[in-house]
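The values are calculated or read from the model by the stated rules, or taken from the named source; none is laboratory data. Model, not experiment: these values are computed from the prediction. In this analysis, Cβ positions are derived from the backbone assuming ideal geometry, glycine residues included, and neighbour counts consider all displayed protein chains.
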Amino acid sequence: MYLILLLLAGIFVNNYVLSQFLGICPFLGVSKKVDTAAGMGMAVIFVIVLACAASWLVYNLILVPLHIEYLYNIAFILVIASLVQFVEMFLKKAAPALYQALGVFLPLITTNCAVLGVAVLNMQKEYNFIESIFNGIGGAAGFALAIVLFAGIRERIADNDTPKAFDGFPMALVTAGLMSIAFLGFSGLIKL
Amino acid sequence: MANPIKIIKNGIIDENPTFIQVIGMCPTLAVTSSAINGIGMGLSTTAVLIFANLFVSLLRKIIPDKVRIPCFIVVIATFVTIVQFMLQAYLPSLNASLGLYIPLIVVNCIILARAEAFASKNGPIASICDGIGMGLGFTVALGILGLVREFIGAGTLFDVTVLPEAFPKTLLFVMAPGAFFTLACLMALLNHFRNKKKA
């Protein structure tokens, strides 16, 4: 039950994009079309779950026994960067179709702060292995949900007549702000 | 070599990372609930940017081209860790309010973008100037955003109360949605002036 709550909290209450501002760059950058947004969302879910597992292992099996916890930041970013590279190579060989779909987005994910953010949060909150993974799935699913919804709205706004000064980024930001208000409605729904 | 002052001005005005290039959005939106937080974040990023630019520039002939991105990230992560320790030691309250976003400076695209686009192609002095310019441009943007949000949302400027108690506070502006709206309005304002100039 606790794990399900953790999952739902990640998707709705503590949505990484709309209430914690993690992963804003891809959120604004790759959200012009629903298809690409969905591709990015899937790639992020994939990488975040792997990164949560890998960073937990690195932290608890390498950094803690050696008493070099203070190097966590360097260690995590290296883990994530090499993980992304590895996933890319693996997919290219093992699942070319999936690679075709996610391909362009994978390198971008290294600098998606949601990935590093979730890894650091898991460490700060001292989650165990299973909790880390569930927190990762929840957070990543929240990201995917937000970016797909956002892309859907942007597609519809694109042809509308907006004030000239608001063209482009400002309009996208207003949209994101309104979505963020909507997600505020979930706050207090789940207390962990 | 270009004039250092020109490089600095370029970072603050012509290629302002927040308003013109629209990169490094996560910390921009996340920590600007007050002016002090915004400026603190801006200066921490500036420090990392200057040192990362300097070292990337010094190492630019040693780092093999194929593995340059991981190398840059390690250089950046090292300086972020140092800045984090400095803040923990000397400014613990700022460190507490910036929290998670300090380690996340590593993945701030501004720093990697400058390392890739400028420092890996230019000499150390020009790179330091570029770091100062970009950093200050970022700091100014965060400061303005923080000032506006703090003023509307809490009625204070730099933690000093300026609006009378009876004046209604729009709490929304210090919460997440306010960040999006404030930045949208500032960018729209900038667009408006630019359109006017062109016309």
* If you go through region A:42-64 one residue at a time, do you hit one that is over 12 Å from the mean Cα position of the chain (by Cα), free of Cβ contacts under 8 Å to residues at least 12 places away in the same chain and within 12 Å of chain B (Cβ to nearest Cβ)? -> no
* Asked: If a residue has to be surrounded by fewer than 21 Cβ atoms within 10 Å (Cβ to Cβ) and not small (Gly, Ala, Ser) to count, how many in region B:95-108 make the cut?
  -> 2
* Asked: Got at least one residue in region A:112-123 being without any contact (Cβ under 8 Å) to a residue 40 or more places away in the chain and closer than 23 Å to A:Ser31 by Cβ?
  -> no
* What do you reckon, is A:Ala114 crowded, with 20+ Cβ neighbours inside 10 Å, modelled with pLDDT of 90 or more and either within 18 Å of the chain's Cα centre (by Cα) or away from chain B (no Cβ under 11 Å) (or both)? -> no
* Which condition does A:Ile68 not pass, out of (1) among the β-branched types (Val, Ile, Thr); (2) in contact with a Phe, Trp or Tyr (Cβ under 6 Å, 6 or more places away or on another chain); (3) at pLDDT 85 or above, if it passes all the others? -> (2)
* Asked: Quick one: would you say B:Leu54 is among the aliphatic types (A, V, I, L, M) and in contact with a Pro (Cβ under 9 Å, 6 or more places away or on another chain)?
  -> yes
* Structure fact -> In region A:117-148, anything over 14 Å from A:Asn14 (Cβ atoms) and of a type in the set (Phe, Trp, Tyr) is listed as A:Phe129
* To do: Give, as residue ranges, the helices (runs of 4 or more DSSP H) completely inside region A:84-174 that count at least 1 residues that are closer than 30 Å to B:Ala199 by Cα.
  => A:129-157
* Residue count for region A:140-168, restricted to those that are exposed (fewer than 13 other Cβ atoms within 10 Å of the Cβ) and modelled with pLDDT of 90 or more -> 0
* **Selection count, region A:66-106, where residues are closer than 25 Å to A:Ala141 by Cβ, at the interface with chain B (Cβ under 10 Å from one of its Cβ atoms) and surrounded by fewer than 17 Cβ atoms within 10 Å (Cβ to Cβ)** => 2
* Just to be sure, is A:Ser132 within 14 Å of chain B (Cβ to nearest Cβ) and in contact (Cβ under 8 Å) with a residue 40 or more places away in the chain? -> no
* **Restricting region A:1-36 to residues that are of a type in the set (Gly, Ala, Ser) and within 12 Å of chain B (Cβ to nearest Cβ), the residue that is surrounded by the most Cβ atoms within 10 Å (Cβ to Cβ)** => A:Gly23
* Could you please tell me which pairs satisfy a Cβ distance under 7 Å, a separation of 6+ or placement on different chains, a first residue in region A:172-187 that is within 7 Å of chain B (Cβ to nearest Cβ), and a second residue that is among the small types (Gly, Ala, Ser)? => A:Leu173/B:Ala184; A:Val174/B:Ala184; A:Gly177/B:Ala184; A:Ser180/A:Ser19; A:Ser180/B:Ala176
* Asked: Which residues, taken from region B:53-66, are part of a helix (DSSP H, G or I) and surrounded by fewer than 24 Cβ atoms within 10 Å (Cβ to Cβ)?
  -> B:Leu54, B:Phe55, B:Ser57, B:Leu58
* Asked: Is it the case that region B:185-199 has a residue that's of a type in the set (Phe, Trp, Tyr), modelled with pLDDT of 85 or more and loosely packed, with under 12 Cβ neighbours inside 10 Å?
  -> yes
* Structure fact -> The condition of being surrounded by fewer than 21 Cβ atoms within 10 Å (Cβ to Cβ) and within 11 Å of the chain's Cα centre (by Cα) holds, among A:Ile109, A:Ile137, only for A:Ile137
* Qualifying residue in region B:150-159 (condition: part of a helix (DSSP H, G or I), crowded, with 21+ Cβ neighbours inside 10 Å and more than 14 Å from chain A (Cβ to nearest Cβ)) -> yes
* Could you please tell me which pairs satisfy a Cβ distance under 8 Å, a separation of 6+ or placement on different chains, a first residue in region B:159-187 that is more than 26 Å from A:Leu22 (Cα to Cα), and a second residue that is crowded, with 16+ Cβ neighbours inside 10 Å and among the charged types (D, E, K, R)? => none
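Yes or no, residue by residue, for (1) part of a helix (DSSP H, G or I); (2) modelled with pLDDT under 85; (3) within 14 Å of chain A (Cβ to nearest Cβ):
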{"residue": "B:Ile125", "(1), (2), (3)": "yes, no, no"}
{"residue": "B:Asp130", "(1), (2), (3)": "yes, no, no"}
{"residue": "B:Met134", "(1), (2), (3)": "yes, no, no"}
{"residue": "B:Ala141", "(1), (2), (3)": "yes, no, yes"}
{"residue": "B:Leu145", "(1), (2), (3)": "yes, no, yes"}
{"residue": "B:Ala166", "(1), (2), (3)": "no, yes, no"}
{"residue": "B:Lys169", "(1), (2), (3)": "no, yes, no"}
{"residue": "B:Phe180", "(1), (2), (3)": "yes, no, yes"}
{"residue": "B:Leu183", "(1), (2), (3)": "yes, no, yes"}
* Residues being in a helix (DSSP H, G or I) and either hydroxyl-bearing (Ser, Thr, Tyr) or crowded, with 24+ Cβ neighbours inside 10 Å (or both) - total across region B:31-52 -> 10
* Asked: of a type outside the set (Gly, Ala, Ser), within 13 Å of chain A (Cβ to nearest Cβ) and within 30 Å of A:Asn122 (Cα to Cα): does that describe B:Leu49?
  -> no
